[in-house]
Amino acid sequence: MILSIESSCDDSSIAITEIDTYKLLFHKKISQEQQHAAYGGVVPELASRLHAIDLPNILEEARPYLNDLKAVAITNQPGLGVTLLEGIAMAKAIAVTQAIPLIPVHHLKGHIYSLFIEKEQKLPLLVLLISGGHTQIIRVEGLEQMTILATSMDDSVGESFDKTAKMMNLGYPGGSIIEQLATEGDADRFDFPVPLRNSKLIAFSLSGLKNAVRLAIEGLGGAEAMSQQDKCDVAASFQKAVTLHLLQKSKKIFAQEPIKDFALVGGASANLYIRQAYEKLCEEFGKTLHTAPLRYCSDNAAMIGRYAVEAYHQELFAHPYEVDIVTTQKHESGGLL
Ligand code: KG4
Ligand code: ZN
């Protein structure tokens, strides 16, 4: 079995995956959302200190499996440097003391493998990854054959939900809060611009939409002056504009990519409005839509472990002294290739 550790942001998580069956024998995640909510976003140093408490606690619970490990997998990029290092230090210690290989895992590849938790992998696949840090369409042909077909030029989808929630004083993280409010809102009340609507570019951009939302909130007198219905209407109109943007650019990719299987992954793929919109789009284009169970959309070690099983078979190992965080600019590809 493989022990996997995820600490790229504000979730401490450890999983044990059986190599031959992909069975998840153990999986636990401790989210720090509540502790960061007071600050309106993730505070890196607080996050790393909480990992230093939570990761050893979870590891203790996994103790019954620790003598049967064949490898240890660790997220080493992209993410917050100080939080990645907490997990990396733990993984290195386990690899050295148990004399087992260490498998560094790219967090975004982990999100893609959330689709295959406790299942056979099925490739090739087109993937729309929508998380707190990234928005990308990726052609996935193998563990190391991943090609980014479209990426965000500024904010990510998850970030735009978080910022919209923050502008209305709704709390952090904003994704599920906005989705919830939107169910009671009028999506046509605000005519927010669909980003890059008239552009041939196959790329994403969410900062213009964020400004339009900000202006609408200011026009209503600010968050304090807004009624609950105003907030619901802003949430619904914003969510509709984001979704139309994603669909419009996805259509362009669909027109040029023959791969029949399409998947939504990442924290924002838990959004049911976005999922339903993609069900329709896939039907229209003759594609089959795949999604991960809701509990595996946000960050978790089970997806890291599932990727690691494939990496183990291909012996994609690294010596502990070689494994470091890989720092990339936020809006770069995240080094996916
Ligand atoms: O993948 P993830 O857990 O962490 C990163 O790798 O970034 O994604 C977290 C992001 C947050 O921005 C959060 O607001 C967003 O996913 N999110 C959602 C929903 N649930 C989480 N966005 C839209 N709708 C949701 N239901
Ligand atoms: Zn993530």
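The values are calculated or read from the model by the stated rules, or taken from the named source; none is laboratory data. Worth saying up front: this structure is predicted, and the values here are computed from it rather than measured. To get the accessible areas, we keep the full protein, side chains included, count just its heavy atoms, and leave off ligands, DNA and RNA. Shrake-Rupley method; radii C 1.70, N 1.55, O 1.52, S 1.80 Å.
Listed values, structure above:
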| read-out | value |
| --- | --- |
| Value in Å of the Kirkwood radius, where region 125-291 supplies the Cα pairs that are averaged | 16.1 Å |
| Violating pairs (Cα-Cα greater than 23 angstrom) within the set 231/251; 109/260; 29/109 | 231/251 |
| Fluctuation leader among 105, 157, 140 - the chain, Gaussian network, Cα springs under 10 angstrom | 140 |
| Surface per residue (accessible, 1.4 Å probe) for the chain, Å² | 43 Å² |
| All aspartates and glutamates inside 14 Å of residue 249 as judged from Cα atoms, apart from same-chain residues fewer than 8 positions distant | 257 |
| Span from the region 168-192 Cα centroid across to the region 1-70 one, whole angstrom | 30 Å |
| Hydrodynamic radius by Kirkwood, which averages 1/r over all alpha carbon pairs of region 1-63, in angstrom | 12.4 Å |
| Mean Cα-pair separation over length for region 125-291, i.e. relative contact order, pairs under 8 Å, 6 or more apart, % | 28 percent |
| For region 203-337, alpha-carbon Rg relative to the globular expectation (2.2 N^0.38 Å, N residues) | 1.37 |
| Debye intensity ratio in log₁₀ form over the Cα atoms of the chain, taken at each q of 0.06, 0.08, 0.15 Å⁻¹ | -0.21, -0.37, -1.22 |
| Of all accessible heavy-atom area on the chain, the percent that carbon and sulfur account for (1.4 Å) | 50 percent |
| C-alpha center-to-center spacing [region 239-283, region 92-112] in angstrom | 31 Å |
| For the chain, calculated [θ]222 nm from helices alone, where every DSSP H run of n ≥ 4 adds -39500 (n - 2.57) | -13000 deg cm²/dmol |
